[in-house]
Amino acid sequence: MASLTLDKVRKAFGPVEVLKEINLAIEDGEFLVLVGPSGCGKSTLLNLIAGLESSTGGEIRIGDRVINDVHPKDRNIAMVFQSYALYPNMTVRKNITFGLEIRGVSAQERDKAVADVAKLLQIEPLLDRKPSQLSGGQRQRVAMGRALVRDPDIFLFDEPLSNLDAKLRVDMRTEIKKLHQRLGSTIVYVTHDQIEAMTLASRIAVMKGGILQQFDTPQNIYERPNNMFVAGFIGSPS
Ligand code: ADP
Ligand code: MG
């Protein structure tokens, strides 16, 4: 696991500046929740960290290593999206281990890895099913399993629970929290659910229009918002 630093990171699509000098120092093992209105640049920020887009300025570091020019495959970052794009024709087991297989991990090691992850996520009985035979919550667990099995330095979550119903969202939130406590992973988690943000985060980053408004503990965000936007965002119904 590792710290993650964004130093004056900028991103423009053509003439449009989507992220403007973002500075974030995320500590090793920290659970950072990134919130902000639709279109403010949250997914773009995750894509820059994952290397799916390249920044137009600034530096991104994992630990002391500058990763701007490191290929996504060599960043050891795992991402979980809201549309958990599992491979429909593969079993759960295969979905989880496929990435290891193409990287040349031996069958024996893959079996061990999938067994560990399945136990952790309580999906052992599901390993031989196809994605179509799973509920939404089960699919999300498998998607997390696929991310976990890579033993990443950093996890990125982009609104992972937003397609689930309210009850399941609460259950999964609890699961994710437990998982973080157990693994001590460094996490950047995007949501627009305030309760999710307040309960999961060690610190919350509030963004608006590609500008970071506040980066602080949930308590300080709640009790001492920097400006009206932060106050309004946290206080508004989700
Ligand atoms: P969020 O995840 O906070 O809803 P995004 O990061 O997806 O916001 O998008 C931020 C802004 O960047 C939006 O205005 C969006 O239209 C724009 N954008 C995102 N990706 C691209 C792209 N590949 N090309 C051009 N504009 C983009
Ligand atoms: Mg988004």
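What follows draws every value from the coordinates through simple rules; no lab data is involved. None of the values given here were measured: they were computed from a predicted structure. All Cβ positions, glycine included, derive from the backbone under ideal geometry; neighbour counts span all protein chains shown.
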> Quick one: E53 ticks every box in (1) within 15 Å of ligand 1 (Cβ to nearest atom); (2) among the acidic types (D, E); (3) closer than 17 Å to M207 by Cα bar one, so which box is it?
Replying inline: (3)
> How many residues are touching an Asp or Glu at 6+ places or on another chain (Cβ under 8 Å) and of a type in the set (A, V, I, L, M) if we restrict to the range 57-89?
Replying inline: 6
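Out of everything in the range 78-112 that is assigned to a helix (DSSP H, G or I), of a type in the set (A, V, I, L, M) and over 18 Å from the mean Cα position of the chain (by Cα), what residue ends up being nearest to L148 (Cα to Cα)?
The first filter runs over the range 78-112 and keeps only residues assigned to a helix (DSSP H, G or I), leaving 92-102, 107-112.
Checking the rest, the ones that are also of a type in the set (A, V, I, L, M) come to 92, 96, 100, 102, 107.
When the remaining residues are screened for being over 18 Å from the mean Cα position of the chain (by Cα), the result is 92, 100, 102, 107.
Numbers: V92: 14, L100: 11, I102: 16, A107: 17 Å.
That would be L100.
Enumerate the helices (runs of 4 or more DSSP H) found wholly within the range 113-230, keeping only those where 2 or more residues are out of contact with any His (no Cβ under 9 Å at 6 or more places or on another chain) and among the aliphatic types (A, V, I, L, M). Talk me through it step by step, then tell me what you get.
On the way: elements: 136-148, 166-183, 194-200, 218-223.
The helices (runs of 4 or more DSSP H) meeting that bar are 136-148, 166-183, 194-200.
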> Does K11 qualify as being surrounded by 16 or more Cβ atoms within 10 Å (Cβ to Cβ) and within 16 Å of ligand 2 (Cβ to nearest atom)?
Replying inline: yes
> Within the range 174-193, which residues are within 16 Å of ligand 1 (Cβ to nearest atom) and over 14 Å from the mean Cα position of the chain (by Cα)?
Replying inline: D193
>> Suppose we filter the range 115-151 for residues that are loosely packed, with under 14 Cβ neighbours inside 10 Å and among the basic types (K, R); how many remain?
In response: 1
> With (1) surrounded by fewer than 23 Cβ atoms within 10 Å (Cβ to Cβ); (2) within 16 Å of ligand 2 (Cβ to nearest atom); (3) within 14 Å of the chain's Cα centre (by Cα) as the list, and L156 as the residue in question, which single condition is left unmet?
Replying inline: (1)
> Looking at the range 39-74, which of the residues that are touching a residue at least 60 places away in the same chain (Cβ under 8 Å) and more than 16 Å from ligand 2 (Cβ to nearest atom) is nearest to A12 (Cα to Cα)?
Replying inline: I62
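Can you say whether S43 is out of contact with any Pro (no Cβ under 6 Å at 6 or more places or on another chain), of a type outside the set (V, I, T) and part of a loop (DSSP other than H, G, I, E, B), as far as the supplied structure shows?
Values: out of contact with any Pro (no Cβ under 6 Å at 6 or more places or on another chain): yes; of a type outside the set (V, I, T): yes; part of a loop (DSSP other than H, G, I, E, B): no.
No: the conditions fail for S43.
Kindly evaluate L34 against the criterion of being away from ligand 2 (no atom under 16 Å from the Cβ), surrounded by 14 or more Cβ atoms within 10 Å (Cβ to Cβ) and outside any loop (DSSP other than H, G, I, E, B).
Details: away from ligand 2 (no atom under 16 Å from the Cβ): no; surrounded by 14 or more Cβ atoms within 10 Å (Cβ to Cβ): yes; outside any loop (DSSP other than H, G, I, E, B): yes.
For L34, the condition - away from ligand 2 (no atom under 16 Å from the Cβ), surrounded by 14 or more Cβ atoms within 10 Å (Cβ to Cβ) and outside any loop (DSSP other than H, G, I, E, B) - is not met.
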